[in-house]
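Bear in mind that the values in this text are calculations on the coordinates, not laboratory data. All figures in this text were calculated on a predicted structure; none of them were measured in a lab. Here the Cβ positions follow ideal geometry from the backbone for every residue, glycine too, while neighbour counts run over all protein chains shown.
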Amino acid sequence: MTATCTPSASLSRQVTAGCDENAYKCYQCKKCTSGCPVARYADMHPAMIMRAVQLGQYDMIFDDRFIWLCTGCETCTTRCPNNIDIAGVMDWLKEAAIASGQASPQPQVTRFHQSFLDTVRLAGGRLSEPLLLGLYQWRCGGTLGKLKSGALVADLKMAWELARRRRLIPRLPHRLKGVEEIKAMFKKSRLPETREKP
Ligand code: SF4
Ligand code: SF4
């Protein structure tokens, strides 16, 4: 189901409908936050996000970069005494932010997510690391600036070193048999490009 977010409706009800989680089960023990590896890098943290969902604080969630820093490691979900799939709620919030045209406060992460999905789509259902790196560089722009500053040469040297150690295979992976099913899946779940905060 594609997530959409309607500010006029109850956020917790939308979360329940979208990912089958009841935010009101959260009683703010903060066990999720104390185990989260990225909680210290944003103004919000998992328990705060759950409280904001209860209170319908859309702007507070979407203006902060926390949901974009979430790595999906599921430590929070494992630690929650009320069995709330907090990582699932984070995923739903990310999808809802994109579907509702929210500008991302953490553009590098959204560029990486989109480059990753495009790579899997273009490479017939598998990940191609060289293609992923190329698309991510292209989305980030500034290739000319990198060329002038010498940073591009440093990147290429690193790519060569990774290829030499067989950590980066410079060819497209074999295509999967179910390419048509994968194409249909991408078509069905196509979301708009994420906007970035100016
Ligand atoms: S899934 Fe996200 S919110 Fe949960 S612990 Fe991992 S990084 Fe933190
Ligand atoms: S661990 Fe569960 S109950 Fe405790 S604050 Fe986090 S979401 Fe709420």
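Observations on the structure shown:
- Think of each Lys and Arg Cβ as +1 and each Asp and Glu Cβ as -1; about the Cα centre, that makes the dipole of the chain roughly 820 debye.
- Prolate/oblate/rounded call for the range 111-162, Cα gyration tensor, a/c under 1.5 rounded: oblate
- Restraint check, Lys31/Lys94; Lys94/Lys146; Lys157/Lys177; Lys94/Lys183; Lys25/Lys94, Cα-Cα greater than 24 Å: Lys94/Lys146; Lys157/Lys177
- Segment Arg121-Ala151, length gained on full extension (0.36 nm per residue, minus Cα span): 7.9 nm
- The distance from the alpha carbon centre of the range 27-80 to that of the range 96-112 is 17 Å, rounded to a whole number.
- Förster radius 30 Å - calculated FRET efficiency between Arg171 and Arg40, Cβ distance, rounded to 0.05: 0.15
- Amide H contacts of Ser104: Arg195, Glu196, Lys197, each under 5 Å away and 5 or more positions distant or on a separate chain (H built 1.01 Å from N in the peptide plane; Pro and chain starts excluded).
- MRE, 222 nm, helices only [DSSP H, n ≥ 4, -39500 (n - 2.57), over the chain, to nearest 500]: -16000 deg cm²/dmol
- Rel. contact order, % - alpha carbon contacts under 8 angstrom, at least six apart, the chain: 21 percent
- Anisotropy class of the range 107-193 from Cα gyration tensor, a/c 1.5 cut: oblate
- For Leu127, net neighbour charge (Lys/Arg +1, Asp/Glu -1) across residues whose Cβ lies under 15 Å away: +3
- Compactness of the chain as Cα Rg over 2.2 N^0.38 Å, two decimals: 1.16
- Global geometry of the range 11-104, whether rounded, prolate or oblate, following the gyration tensor of its Cα atoms and the 1.5 cut on a/c: oblate
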